[in-house]
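Q: Attaching a single structure in structure tokens format; questions to follow.
The values are calculated or read from the model by the stated rules, or taken from the named source; none is laboratory data. Remember, it's a predicted structure, so these values are computed and weren't measured experimentally. All Cβ positions, even for glycine, are placed from backbone atoms using ideal geometry, and neighbour counts span all protein chains on display.
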Amino acid sequence: MKRFYGKRMVLIALILSLVWIAACSNNTTTPDSTPVETKAPASAPAEGTNTPAEDLNPLGKYDPPITLSTVKIFSSSSKFAPGETPEKNIWTDGYLKDLGIDMKIKWSVVGNEPGGAGEQKMNISIASNDLPDIIPVNSKQMKQMVDNDMAEDLTDAIAKYASPQLKSFLEANNGLAVKTSTFNGKVLALPAPAASIDNAAMIWIRKDWLDKLQLSEPKTMNDILTISDAFTNKDPDGNNKNDSYGIGLNKDLYTGGIYDLTGFFEGYHAYRNLWIKDSSGKLVYGGIQPEMKTALAKLQEMFKGGQIDPEFGVKDSGKVNESVISGKIGMFFGAHWNAFYPLPDAYKQDPKAVWVPYPIVSADDKPAVPSIGLGVNPESVDQGYVVFKKGSKHPEALIKLANYYADKEYGWDTGGVDLNYHQPEPNPDGYVRWVFAAVIAQDPAQNINIFRGVKAAVENNDQTALQNLQAKGNYDIYMKFTKDHDAGSYGNAVWAGPKNTGLSILDYYLNNKLGIADQFYSAKTDTMVQKQSTLDKLQLETFTKILMGASPVDAFDQFVADWKKLGGDTITKEVNDWYSAQ
């Protein structure tokens, strides 16, 4: 999920690294995408050869062992068990024992946030061509390496060596993630499969307030507007004070995945950062379309009506949390992972506060369609893409390492699964191990599979669904919560329970084929690199002023003209030149 990954993904990583059962995402559909072309791997080495590279077993062991190098970029929130280091851990031991790969760590650094120490150090390594064999990069770094002929072609290696499991991960979302790393028909980097539907927005609402005020659950945008007004003016908390707000909003408007207007805009079919098709089949930038003006006009009405905190412009999500936890806000647009943050704190403060998620709703008779991701995190420096250095030996080993991760984490059928590779069990100190892996290959359908397993077990007593140990873990926590309402179980119960939970909304979107991805999935154009930050700043400032009434709604028209003049027209041409070439 595509231009907001910075703050949002750092926050998600911080939250979900603490609970092994919470991880990635989906298997949804994106327009104008085609499946990854793959070939079935051979089951034995080619006759008459003894070289390791000829063994087409997806998990074939090199004998004698080979040596490869990589680097590691860690989050500041990651905690490692005593004695475990980037150079010596369960993954490096497993690589040598099971695959015959002696993995060396060229360097490691803490700082995986965009622009952080990891990205800076990798930029220096690329510029000086002082690189390991296996190179984690974001989309910008990948493009730089491709432009300078530094990336090995992985097309044949993927076709020959990818396990059926890894292939299914790469084919999710109709193979769009692989398309983002394909240049002139060659796959020049392996994407780390990531959430697509997990990016979809939803509406979290105080159901106890709805019931108290005898309001219906939201089916349309008009319902949302009615609820917001009532939560503001009809004393939903019963304290005889006019001290509640209809909708929570933070100063960044549409970044972070919490107190975020993305889902509100999408109710008006407005996509503030996507490139979408117009009626002529050309790509246009969603943030300057007329639908956005309509949505901003409605927000201005809500602000003038006191439904939005007048001080939102100086409040980050942490400050808005305080209002939610103290019972002063009854609704916000957010994401599935809000079940873990901030809602458990709200539950601890007031167990009678019943937060329920709902799908986004439409302002007209067309369905509201949430924006989704590309199946890869393009801004991530440690979980975006992996390049194999051109000229290094054994590029197929990169694919074997990805197969190994997939098997250890998800090999329920093969018996390869070993969740100790993810983190120690038991794990009271919150240690992580999965980040030591040289190549990460998460299942895009992981969270949905967890939800569907819990649902099948709860509603149909389907014990086979609990063969997925992640589903079983969440099922056990959900059942514990239904029995004793333990606050420590609240987050997982509201996330993965069978009804009215964060993942149930994502399942609804998938079942109804609701989701739209950015139609521009290439690396940034030249003008984007030069002008995008200026245009993004202009957009945020304009939208904020309109929302607060500091500028009239018609200021949107001047914004569009300025956006075009300051580089938007040139970017639009570059985007459509790329699109035509596809």
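Q: In this structure, is Asp526 of a type in the set (Asp, Glu) and in contact with a helix residue (DSSP H, G or I) (Cβ under 8 Å, 6 or more places away or on another chain)?
A: Yes: the conditions hold for Asp526.
Q: OK, next. Among the numbered criteria (1) touching a Gly at 6+ places or on another chain (Cβ under 9 Å); (2) of a type outside the set (Val, Ile, Thr); (3) within 27 Å of Thr414 (Cβ to Cβ), which one does Trp495 miss?
A: Going through the list (1) touching a Gly at 6+ places or on another chain (Cβ under 9 Å); (2) of a type outside the set (Val, Ile, Thr); (3) within 27 Å of Thr414 (Cβ to Cβ), Trp495 breaks only (3).
Q: Show the residue pairs that are 6+ apart or on different chains and have beta-carbon atoms under 9 Å apart, the first residue being within the range 414-427 and assigned by TED's automatic domain parsing to the domain that holds Phe80 and part of a helix (DSSP H, G or I), the second being surrounded by 13 or more Cβ atoms within 10 Å (Cβ to Cβ) and of a type in the set (A, V, I, L, M).
A: Leu419/Leu469; Asn420/Ile90; Tyr421/Ile90; Tyr421/Ala437
Q: May I pose another question? Need a quick list: helices (runs of 4 or more DSSP H) entirely within the range 497-582 having at least 2 residues that are under 28 Å from the mean Cα position of the chain (by Cα) and at pLDDT 95 or above.
A: Of the helices (runs of 4 or more DSSP H) lying wholly inside the range 497-582, those with at least 2 residues that are under 28 Å from the mean Cα position of the chain (by Cα) and at pLDDT 95 or above span 502-511, 526-548, 569-581.
Q: Separate question: Within the range 400-410, can one find any residue that is assigned to a helix (DSSP H, G or I), of a type in the set (Ser, Thr, Tyr) and assigned by TED's automatic domain parsing to the domain that holds Leu274?
A: No, there is no match, as no residue in the range 400-410 is assigned to a helix (DSSP H, G or I), of a type in the set (Ser, Thr, Tyr) and assigned by TED's automatic domain parsing to the domain that holds Leu274.
Q: While we're on this one: Can you report the number of residues in the range 177-206 which are among the basic types (Lys, Arg) and either in contact with a Gly (Cβ under 7 Å, 6 or more places away or on another chain) or assigned by TED's automatic domain parsing to the domain that holds Glu217 (or both)?
A: The total comes to 1.
Q: Which one is nearest to Phe264 (Cα to Cα) among residues in the range 275-289 that are polar (S, T, N, Q) and loosely packed, with under 14 Cβ neighbours inside 10 Å?
A: Selected residue: Ser279.
Q: Restricted to the range 262-304, and to residues that are among the hydroxyl-bearing types (Ser, Thr, Tyr) and under 21 Å from the mean Cα position of the chain (by Cα), which residue is farthest from Ala517 (Cα to Cα)?
A: Out of the qualifying residues, it is Thr262.
Q: With respect to the numbered conditions (1) surrounded by fewer than 16 Cβ atoms within 10 Å (Cβ to Cβ); (2) farther than 24 Å from Trp204 by Cβ, which one is the sole condition not fulfilled by Leu535?
A: With (1) surrounded by fewer than 16 Cβ atoms within 10 Å (Cβ to Cβ); (2) farther than 24 Å from Trp204 by Cβ applied to Leu535, the lone miss is (1).
Q: Name the helices (runs of 4 or more DSSP H) wholly within the range 193-272 that hold at least 3 residues that are over 30 Å from Gly175 (Cβ atoms)?
A: 207-212, 221-233
Q: Sticking with this one: Considering only the range 249-274, state which residues are crowded, with 24+ Cβ neighbours inside 10 Å and among the hydroxyl-bearing types (Ser, Thr, Tyr).
A: Once the filter is applied, which keeps residues that are crowded, with 24+ Cβ neighbours inside 10 Å and among the hydroxyl-bearing types (Ser, Thr, Tyr), the range 249-274 yields Tyr254, Tyr259, Thr262.
Q: Next question, about the same structure. Within the range 126-145, how many residues are under 27 Å from the mean Cα position of the chain (by Cα) and surrounded by fewer than 20 Cβ atoms within 10 Å (Cβ to Cβ)?
A: The number of residues fulfilling the criteria is 3.
Residue by residue, here is whether (1) at pLDDT below 95; (2) farther than 21 Å from Arg433 by Cα; (3) among the charged types (D, E, K, R) holds:
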site	(1), (2), (3)
Tyr95	no, no, no
Gly100	no, no, no
Asp130	no, yes, yes
Lys167	no, yes, yes
Val178	no, yes, no
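Q: So, in the range 234-248, of the ones that are more than 14 Å from Met302 (Cα to Cα) and touching a helix residue (DSSP H, G or I) at 6+ places or on another chain (Cβ under 8 Å), which residue ends up surrounded by the fewest Cβ atoms within 10 Å (Cβ to Cβ)?
A: Gly238
Q: Further question: So in the range 310-336, with the set limited to residues that are assigned to a helix (DSSP H, G or I) and touching a helix residue (DSSP H, G or I) at 6+ places or on another chain (Cβ under 6 Å), which one is nearest to Ala493 (Cα to Cα)?
A: His336
Q: Output the residues belonging to the range 465-493 that are in a helix (DSSP H, G or I), polar (S, T, N, Q) and more than 28 Å from Lys352 (Cβ to Cβ).
A: Gln467, Gln470
Q: Only one of these is of a type in the set (A, V, I, L, M, F, W, C) and out of contact with any helix residue (DSSP H, G or I) (no Cβ under 8 Å at 6 or more places or on another chain): Val494, Val432. Name it.
A: That would be Val432, the only listed residue that is of a type in the set (A, V, I, L, M, F, W, C) and out of contact with any helix residue (DSSP H, G or I) (no Cβ under 8 Å at 6 or more places or on another chain).
Q: Can you tell which of Glu87, Glu37 is surrounded by fewer than 19 Cβ atoms within 10 Å (Cβ to Cβ) and modelled with pLDDT of 95 or more?
A: From the options Glu87, Glu37, the qualifying one is Glu87.
Q: Now, a different point. Do we have any residue at all in the range 457-464 that's assigned by TED's automatic domain parsing to the domain that holds Leu166 and either more than 25 Å from the chain's Cα centre (by Cα) or not in a helix (DSSP H, G or I) (or both)?
A: Checking the range 457-464: not a single residue is assigned by TED's automatic domain parsing to the domain that holds Leu166 and either more than 25 Å from the chain's Cα centre (by Cα) or not in a helix (DSSP H, G or I) (or both).
Q: In addition: Suppose we keep only residues that are out of contact with any helix residue (DSSP H, G or I) (no Cβ under 6 Å at 6 or more places or on another chain) and surrounded by 18 or more Cβ atoms within 10 Å (Cβ to Cβ) within the range 159-175. Which one would you say is farthest from Asp382 (Cα to Cα)?
A: Asn174
Q: Somewhere in the range 322-332, is a residue more than 24 Å from Lys234 (Cα to Cα), β-branched (Val, Ile, Thr), within 25 Å of the chain's Cα centre (by Cα) and modelled with pLDDT of 95 or more?
A: no
Q: Only residues in the range 527-546 that are under 15 Å from Leu296 (Cα atoms) count as the first member; pair them with residues that are in a helix (DSSP H, G or I) and among the basic types (Lys, Arg), Cβ under 9 angstrom, at least 6 apart or cross-chain, and list the lot.
A: Matching pairs, first to second residue: Ile546/Lys293.
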